[in-house]
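The next block holds one structure in the form of structure tokens; read it before the comments.
The values are calculated or read from the model by the stated rules, or taken from the named source; none is laboratory data. All figures in this text were calculated on a predicted structure; none of them were measured in a lab. Counting neighbours? That spans all protein chains shown, and the Cβs are built from the backbone with ideal geometry, glycine included.
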Ligand SMILES: [Mg+2]
């Protein structure tokens, strides 16, 4: 048996984009497409690892110079590679840009390689599964053109029928009174026993956010996501301290360094790191441990394909529950993971779909990420050149 998965021999970076039949929107904008950056890493011993992140084709071009830094490095030592990228980029504040994208995708790919080499799933490399099934909620209920309520309510009822015990809807794209009315109608449609979350995507100032929180205070809202701009810690802290509804945020923050202040100062009741932005498996684990130590809930964000979904499932499988009790309840003392249900042709075709059972998804048990990639899909949705390093 070989004692190493080999050195990093090549890295391919692809920008994929798929057009949608119908646009959908949230407080900030409408979208007519879905996109993702996919990283393929091959070692000198022919092990292949997959990672992904967000950004544009330009992000891919910026990632190229960082990829050049790690070619020839021992793929087994993930810490050393991460340290090297941090050393080379943090001093110049490059983590605000492509560096956090690159390190996220690379770290996931390195864990995939390591698991395949050791013939173990990533959760085993992280110390072993505490749970084999991760509770999830449906993300959908975006705005449609003209803001019709009927398809919105039909969608909400569809999630109940599929077996979801929780769902999240958008607010912040209409006046607070009009949005509050939609929240009331949604609650009425799904009944009192389904968890309902609202997400403003940074739409409000602190006073308006509190007013919105008040308007929906009878609708049993489980959390109010991103009321104010994510990096406006003062406003978010004000809303967290004054809202009866728990406040969440952090999907766009990078690295454990950015989360350290948010967690230690209780800026949010619930933090929502995204494995594609925070810095991959390594940084997600650091943030998860920190949150646990400070008694802050962690319910990760997800907006990618099966690659990052598998990676975050592994991370959540080793995340301890917040408070020990005989009953481990999702939303209460156990993390819940976002399960994006909006149209995403690349996500639907690139890997097998994850099966929903009891409003949970099973952690993959095969080596590495534990998923198969359909490489034809990479060609189908490729935009621009493949970046080869
Ligand atoms: Mg969100």
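Considering only helices (runs of 4 or more DSSP H) fully contained in the stretch 46-137, which possess at least 1 residues that are touching a helix residue (DSSP H, G or I) at 6+ places or on another chain (Cβ under 6 Å) and within 18 Å of residue 284 (Cα to Cα)?
Where helices (runs of 4 or more DSSP H) fall fully within the stretch 46-137 and carry at least 1 residues being touching a helix residue (DSSP H, G or I) at 6+ places or on another chain (Cβ under 6 Å) and within 18 Å of residue 284 (Cα to Cα), they are 78-89, 98-118, 122-125.
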Query - Filter result for the condition that a residue is touching a strand residue (DSSP E or B) at 6+ places or on another chain (Cβ under 6 Å) and assigned by TED's automatic domain parsing to the domain that holds residue 39, over 113, 103 - result: 113
Query raised in the report: Is the stretch 296-306 home to any residue that is out of contact with any helix residue (DSSP H, G or I) (no Cβ under 8 Å at 6 or more places or on another chain) and either modelled with pLDDT under 95 or not assigned by TED's automatic domain parsing to the domain that holds residue 136 (or both)?
Result: no
Query raised in the report: Mind checking which residues of the stretch 138-161 are more than 16 Å from the ligand (Cβ to nearest atom), out of contact with any helix residue (DSSP H, G or I) (no Cβ under 9 Å at 6 or more places or on another chain) and over 18 Å from residue 21 (Cβ atoms)?
Result: 150, 161
Query raised in the report: What are the pairs, 6+ residues apart or on separate chains, where a residue within the stretch 166-177 that is farther than 14 Å from residue 140 by Cβ and in the same structural domain as residue 194 (by TED's automatic domain parsing) has its Cβ under 6 Å from a residue that is assigned to a strand (DSSP E or B) and within 16 Å of the ligand (Cβ to nearest atom)?
Result: 173/143
**Report entry** Residue selected from the stretch 254-275 under the condition in contact with a strand residue (DSSP E or B) (Cβ under 8 Å, 6 or more places away or on another chain) and surrounded by fewer than 23 Cβ atoms within 10 Å (Cβ to Cβ), by the criterion farthest from residue 211 (Cα to Cα)
**Finding:** 263
Report summary line: Only one of (1) over 19 Å from the mean Cα position of the chain (by Cα); (2) at pLDDT 95 or above does not apply to residue 61, and that is (2)
Report task. Specify which of the listed residues (282, 293, 256) is under 30 Å from residue 350 (Cβ atoms), more than 16 Å from the ligand (Cβ to nearest atom), modelled with pLDDT under 95 and in the same structural domain as residue 192 (by TED's automatic domain parsing). Result -> 256
Query raised in the report: If you go through the stretch 237-247 one residue at a time, do you hit one that is farther than 21 Å from residue 175 by Cα, away from the ligand (no atom under 15 Å from the Cβ) and under 19 Å from the mean Cα position of the chain (by Cα)?
Result: no
**Report entry** Counted residues, the stretch 311-347 - those being outside any loop (DSSP other than H, G, I, E, B) and touching a strand residue (DSSP E or B) at 6+ places or on another chain (Cβ under 9 Å)
**Finding:** 15
